[in-house]
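The values are calculated or read from the model by the stated rules, or taken from the named source; none is laboratory data. Nothing here was measured: the structure is a model prediction, and the numbers come from that model. Note that we place each Cβ from the backbone using ideal geometry, even for glycine, and neighbour counts take in every protein chain shown. SASA here: full protein model, heavy atoms, side chains in, ligands and nucleic acids out. Shrake-Rupley method; radii C 1.70, N 1.55, O 1.52, S 1.80 Å.
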Amino acid sequence: MSTLKPDEWQALSPYLDQALAISEDERAAWLSSLAEQNPALAAQLVALLDEQRVLAQEGFLEKGRVELPGAPGLAGQTIGPYTLLSQIGQGGMGSVWLAERSDGRFERRVAVKFLNIALVGKGGEERFKREGSILGRLAHEHIAELVDAGISVTGQPYLVLEYVEGDHIDRYCDQQRLGVDARIRLFLDVLEAVAHAHSNLVVHRDLKPSNVLVRKDGEVKLLDFGIAKLLEGEGEDGAATALTAEGGHAMTPEYAAPEQLMGAPVTTATDVYALGVLLYVLLTGQHPAGGGFRSAADLVEAIVHTEPTRPSDIVAPTGANAEETTTNAARRTTTPDKLSRLLRGDLDTIVAKALKKNPKERYASVTALADDLRRYLDHEPIAARPDTIVYRAAKFVRRNRLAVALAILAFAASVTGVVATLIQSRTVRAERDFAFQQLALAGATNDLNSFLLSDAAPSGKPFTVNDLLDRAQRIIERQHGNDASRVQLLISIGRQYTTQDQDAKGRPLLEEAYRLSRSISDPSARAQASCALAEVLGHGDQLPRAEPLIQEGLRELSNEPQFAMDRMFCLLRGNEIARDSDDTGLAIARAQEAVRVVKQSPLDSDLLEFGVLDHLAESYRAAGKQREAIPVFEQAAALLASLGRDNTETASTLFNNWALALDQLGRAVEAERTFHQAIDISRADQSDRGVSPMLLINYARVLHSLNRLDEAADYAERGYATAQKSGAGVIVNQSLLERARIYDDQHNPDRAAAMLAEVEPRLRRDLPPGHYAFASLASEHARLQMERGNFVSALRYANDAVAIMEAAAKSGKGGGQFVPGVLEVRARVELAAGRPDEAAADAARALRMFQEAAQPVEHSRILGLAYLILARALAAQGKGDEARAAARSAAEHLQASIGPDHPDTLSAQQLAGLETQAR
Amino acid sequence: MDPTISGLIGAAEQGDVAAANALFSALYAELHRLAQRELGRPGAAVSLGATTLLHEAYLDMSAGGGPSFPDRARFMGYAARVMRGLIIDHARERHAQKRGGLFEITSLDTDAMENAVDHRELAQISEALDELGKLEPSLAEVVDLKFFCGFSFGEIATMRHVSERTVQRNWEKARIYLHRKIRADLSL
């Protein structure tokens, strides 16, 4: 059956019109007269008209069920020597049927798997047959045998496989209540099979429990072996589709290796990774990437970036998940504690080595993994070496330099407690920007699915990076003539990599795009290339090179509406780079202009507006202009709500940043409410899974400021635990400091001291000596000593704090905004130590600095507390009137910002009302 | 709502590829937003007929468009193509999601359609339609309007100011082309 060429159709079309316009009876006569004049044409027409009769009967495109013509057979049909009995499923690439031999010879039953022709591709027939014979030679007791392969008379490729009846391996182990050793022994059978295949140069590519069945007699059988390999077209050099499609769409990538998700070629190391995940699941009952993911994009992020929790740790019972760990342990015929002890050490190490993100660091072969497991069973020392904590922490710092820089900003000891934004927020923003960009580049990619690929669906929606990349690459291949399109597509793909933090892959593409763009004249492509390259350079600490590129890009684009999207793109990238360079003025200017551009554009939509407002709000906040930031945050939040996206990851980030701005203005009550919203959104279930540790600590801090100390301690501890789990060292430090502060206020100096003891060596290890974080630390020591009544010691620490902070600020190493905070702490110490004059001086200075920084008309907790300290100091000096005046201001600020019932508010009111000296 | 939609339609009809793409984007976003809005209202229907949505969209957009806003027929031609894209994307996504969906669209009267159609089949039809669209755009448009959007022969005839018989004939021709194209693709 041949397809109609366009010119053939053009020739036939008018005749078809005529033929369809006349009745059936007349048609026969008309056709025969046509046949006399042009037999070939008539013959083609007859064929088409015959087909039309068939399709009319079938109801093609009419009825509900759309059957594609040529679909595979029904029950009773034969395929080669087999007869199909019944459909047993919708397998990976087509339907699967149970079948038996037609000649009645009693041999085993088989499973016949039909493959969707669309996936085999033209010219796949020969390759298909070749691959079939290779796989047929993979004879192993633990591999479901490939009995035959062929192409049916209707042109449908099929595979005939040994039919296996059994349970998925994880379910089997749980039902049989197999212990750790028994599971490992079963797992070794699996490894044998995979190793056998590898030695025949066949990679499975899709190892997961549903492909590893265990029969009733305990025999392990691997399925779907190398099927993915069969479906490659020529010339794709090993880069197979990373994720199997169930029923034609992408699955969640739970067993995919990081390199698979990044589109790298699949190798035997990829199978090792999948086996590592399987082993983890069999040993612990949980998935190494954790759970409770809001979307598959988060899962992908976790697989690519997050180090898995050690098996021994994840099975250990903690408060929240006691029930789960008990169930999992019971399925292994033991208790959580015992299971944890069993897994600790060698098994931890073995699993970790199989799950390394870098394929080169994994076990070199499946055999090596099996050897180590056998050594474990025989109580011999294993070959793999464990990670050290230092190694893990160091890796985190290197990879996330920007994030670390942001987080370190949060080291403020003082009452003001300035904070950092969520580490994640940058990536989330970038992903969303990319979706906008896709919308704008619809002309180049002609594919609006990316519009739906942004975080529109709140949870559970699978998302594959590879889908997009595959689509884009196919489009590049189709459009090879046109350079502007090529540039835009390179940019698309390159940016996709960078938003997934794969700068190493993205950067060469973007450099290439830039290079190509220099020789074309299309301003849109040129500008995008400059700005996209700038973005990735900015990530890699090449900010000096980035800024001129942004300016170059902006210069390309006039103010015409057709360039609106490109201008927006460049302005937003330029905004981010300006922020990273701490050029807050420029950042704000660019964000403001981006807002203007979007509002004037014909393609203005709520979604685009949100994207720019989000940048603007954050730019204001980072520049210390909280007052300008807050109304913009409000607008952005309202837009999110009207887009129906106010329970997504993006929303959580937005609420966090907004709450930070409120907190920095001292509007603690509002900040608390907004932080709470952020937490609620990002919480997937009752546990803290999915909530950023930084957010938990931010919340703890604001609760602390509202004097809800027990709750604050709880959240700070949870932030600590979550940060530990995800290996986020800098956040762990944050949490330790905050906990110290809380315990101090709970009058629990010993616990506070323990926190400081834990954090100090960490800080000394990670930061240079004059860093202002040590000023914070000293300030905390001062408070601790004050709590213990050791005023001399406290004063010494407080002096240190001020000295370090001022030195750091003076040498331009930051910390300037935290100086009043440490002054205020010193003032308290001086007051308690009976030095009212010094206390008053410090308090007055701190107040002045706060007032300069803050907007005077706001009611602020920060100002309120500063007034209160000053009031107390003045009272101690005997200056009653001034003290009362200060106390009145304090009361006014505090009442509005932290509430009338807060002890500090009451204190201020009391002080304002007294005639005599206060304490 | 947006006067420049007409500008884009005009430019697209003159062969401006960039305008055609921008139009597609704008319509897609607009229809998407409308669907969300319609379904988000309290008391909203659980599923939304594509024809209803398109009528709404036309009313919405032409209201602010002024006298030069293109007539229904021209608008529907573009919008129906966009609707095809939305439906396929939706089908693909609905397969992918375990619970809840962005929105539900039924394009045919029978509910059987919802459960039966595989999004990959739809995608194949769409690809074949694009090919047909290059040869005889009016044929592809009929399929978009009838199959994906659920307009009747009568409605299509009215919109295009032709007889119902003509529309039926175009439909038959289109089916012949698609059937042949898809079968040919399947047999390598």
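Could you tell me which of the residues B:F147, B:F151 is closer than 20 Å to B:R72 by Cβ, at pLDDT below 90, more than 7 Å from chain A (Cβ to nearest Cβ) and open to solvent by less than 10 Å² (accessible area, probe 1.4 Å)? It would help to see each step written out before you state the result.
Numbers: B:F147 fails: more than 7 Å from chain A (Cβ to nearest Cβ).
Step by step, each of B:F147, B:F151 is checked, and only B:F151 is closer than 20 Å to B:R72 by Cβ, at pLDDT below 90, more than 7 Å from chain A (Cβ to nearest Cβ) and open to solvent by less than 10 Å² (accessible area, probe 1.4 Å).
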TODO: Go through the range A:3-24 and give me each residue that's surrounded by 18 or more Cβ atoms within 10 Å (Cβ to Cβ) and either over 19 Å from B:S163 (Cβ atoms) or basic (K, R) (or both).
DONE: A:L4, A:W9, A:L12, A:Y15
- [ ] Filter the range A:331-356 down to residues that are more than 16 Å from A:L279 (Cα to Cα) and open to solvent by 40 Å² or more (accessible area, probe 1.4 Å), then give me how many there are.
- [x] 5
TODO: Determine whether A:A29 is surrounded by 11 or more Cβ atoms within 10 Å (Cβ to Cβ) and more than 9 Å from every other protein chain (Cβ to nearest Cβ).
DONE: no
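For the range A:726-781, which positions are aromatic (F, W, Y) and in contact (Cβ under 8 Å) with a residue 40 or more places away in the chain? Steps first, please.
Taking the range A:726-781 as the starting set, the residues that turn out to be aromatic (F, W, Y) are A:743, A:772, A:774.
Scanning the range A:726-781 gives a single hit, A:Y772.
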Open item on the list: Exactly one condition in (1) in contact with a Ser or Thr (Cβ under 8 Å, 6 or more places away or on another chain); (2) buried (at least 20 other Cβ atoms within 10 Å of the Cβ) is false for A:L613; which is it?
Closed with: (1)
Task: Pick from the range A:32-65, criterion within 51 Å of the chain's Cα centre (by Cα) and open to solvent by 60 Å² or more (accessible area, probe 1.4 Å), ranking: farthest from the other protein chains (Cβ to nearest Cβ) - done: A:Q57
Open item on the list: Between A:L549, A:L509, A:L537, A:L533, which is crowded, with 19+ Cβ neighbours inside 10 Å and in contact with a Lys or Arg (Cβ under 6 Å, 6 or more places away or on another chain)?
Closed with: A:L537
- [ ] State whether one or more residues within the range A:785-798 are open to solvent by less than 30 Å² (accessible area, probe 1.4 Å), touching a Phe, Trp or Tyr at 6+ places or on another chain (Cβ under 8 Å), polar (S, T, N, Q) and closer than 23 Å to A:P836 by Cα.
- [x] yes
- [ ] Take the range A:198-220 and flag every residue that is under 14 Å from A:D170 (Cα atoms), within 28 Å of the chain's Cα centre (by Cα) and touching a residue at least 24 places away in the same chain (Cβ under 8 Å).
- [x] A:L207, A:K208, A:P209, A:S210
Open item on the list: The conditions are (1) under 24 Å from A:E307 (Cα atoms); (2) at pLDDT 90 or above, and A:A754 fails exactly one of them. Which is it?
Closed with: (1)
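Condition first: among the hydrophobic types (A, V, I, L, M, F, W, C), within 26 Å of A:A875 (Cβ to Cβ) and in contact with a helix residue (DSSP H, G or I) (Cβ under 7 Å, 6 or more places away or on another chain). Can you find one or more residues in the range A:756-778 that meet it?
Applying the first criterion (among the hydrophobic types (A, V, I, L, M, F, W, C)) to the range A:756-778 yields A:756-757, A:759, A:763, A:767, A:773-775, A:777-778.
Now drop any that are not within 26 Å of A:A875 (Cβ to Cβ), which leaves none.
Among the residues of the range A:756-778, not one is among the hydrophobic types (A, V, I, L, M, F, W, C), within 26 Å of A:A875 (Cβ to Cβ) and in contact with a helix residue (DSSP H, G or I) (Cβ under 7 Å, 6 or more places away or on another chain), which makes the answer no.
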Open item on the list: Need the failing condition index for A:R341 against (1) touching a residue at least 40 places away in the same chain (Cβ under 8 Å); (2) not in a loop (DSSP other than H, G, I, E, B), just the number.
Closed with: (1)
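For the range A:191-223, enumerate the residues that are part of a loop (DSSP other than H, G, I, E, B) and farther than 21 Å from A:Y280 by Cβ. Walk me through it before giving the result.
To start, the set of residues in the range A:191-223 that are part of a loop (DSSP other than H, G, I, E, B) comprises A:200-208, A:215-219, A:223.
Answer for the range A:191-223, where residues must be part of a loop (DSSP other than H, G, I, E, B) and farther than 21 Å from A:Y280 by Cβ: A:N200, A:L201, A:V202, A:R215, A:K216, A:D217, A:G218, A:E219.
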Task: A:E100 at pLDDT 75 or above and open to solvent by 30 Å² or more (accessible area, probe 1.4 Å) - done: yes
